1. Can you name every one of the helices (runs of 4 or more DSSP H) wholly within region 59-169 that holds 2 or more residues which are free of Cβ contacts under 8 Å to residues at least 60 places away in the same chain, within 13 Å of the chain's Cα centre (by Cα) and under 25 Å from Gln25 (Cβ atoms)?
2. Look through Ser132, Ser150, Ser128 and report the one residue that is under 17 Å from Leu7 (Cα atoms), buried (at least 17 other Cβ atoms within 10 Å of the Cβ) and among the polar types (S, T, N, Q).
3. With (1) among the polar types (S, T, N, Q); (2) under 14 Å from the mean Cα position of the chain (by Cα); (3) part of a helix (DSSP H, G or I); (4) over 16 Å from Ile137 (Cα atoms) as the list, and Gln14 as the residue in question, which single condition is left unmet?
Amino acid sequence: MSESTVLSHFHKKQAWMASHVESAQFPTAESKEGLRLYKAAEAEPASTETSSGGATEGFTFYEVDCHPLMVRYAKTLAQKWPESERETIMEFLSQLSLTDLPTPDGMHVGLYVAMQEGTPVATGMLFSSEESDGKVIGIYDVYGLTTDASNAIKQHLISLADDGNVVSE
């Protein structure tokens, strides 16, 4: 897979994330700043191994399909940032919606939350796009409150990324 293909995919993911603030009728200053902080923390993806491994026992995985799960996603992922930036990141992440804006053709977004004993402990995103070299599946926003939680959500996402070129941050 070429570097230009990976960059095209990554830019589509960035544009999708930004669209939730940039397309809002009245975006708040905090959500704009949260988007800036989010972009500053992003890393360009690279090809990743898709071999399964790592324990997922003890974790339950949910695809975000309703507002309560979106809140859990946002609150958990915001823990990745320093405490002084979390409220701003939460403002940005709370703008994300999988239903308010149409996803362009050839793209699919899935947000996931891992729970352990009923508590959200990890987040991750699968973002796929059709590129000139074929389908690219990106694993993004992998964050866990513990190393085990991070590993579990990443392994879950890898298990879902069955066809295409897989990249991750």
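We did not get these values from a lab; they are worked out from the coordinates using the rules stated. Remember, predicted model here, so these are calculated numbers, not experimental data. When we count neighbours, we look across all protein chains shown, and the Cβ atoms used for this are built from the backbone with ideal geometry, even at glycine.
1. Of the helices (runs of 4 or more DSSP H) lying wholly inside region 59-169, those with at least 2 residues that are free of Cβ contacts under 8 Å to residues at least 60 places away in the same chain, within 13 Å of the chain's Cα centre (by Cα) and under 25 Å from Gln25 (Cβ atoms) span 67-78.
2. Ser128
3. Unmet condition: (4).
Each row is one residue, and each column tells you yes or no for (1) polar (S, T, N, Q); (2) under 28 Å from Thr147 (Cβ atoms); (3) buried (at least 18 other Cβ atoms within 10 Å of the Cβ).
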position: Ala40; (1), (2), (3): no, yes, no
position: Ala46; (1), (2), (3): no, yes, no
position: Phe59; (1), (2), (3): no, yes, yes
position: Glu63; (1), (2), (3): no, yes, no
position: Tyr73; (1), (2), (3): no, yes, yes
position: Thr88; (1), (2), (3): yes, yes, yes
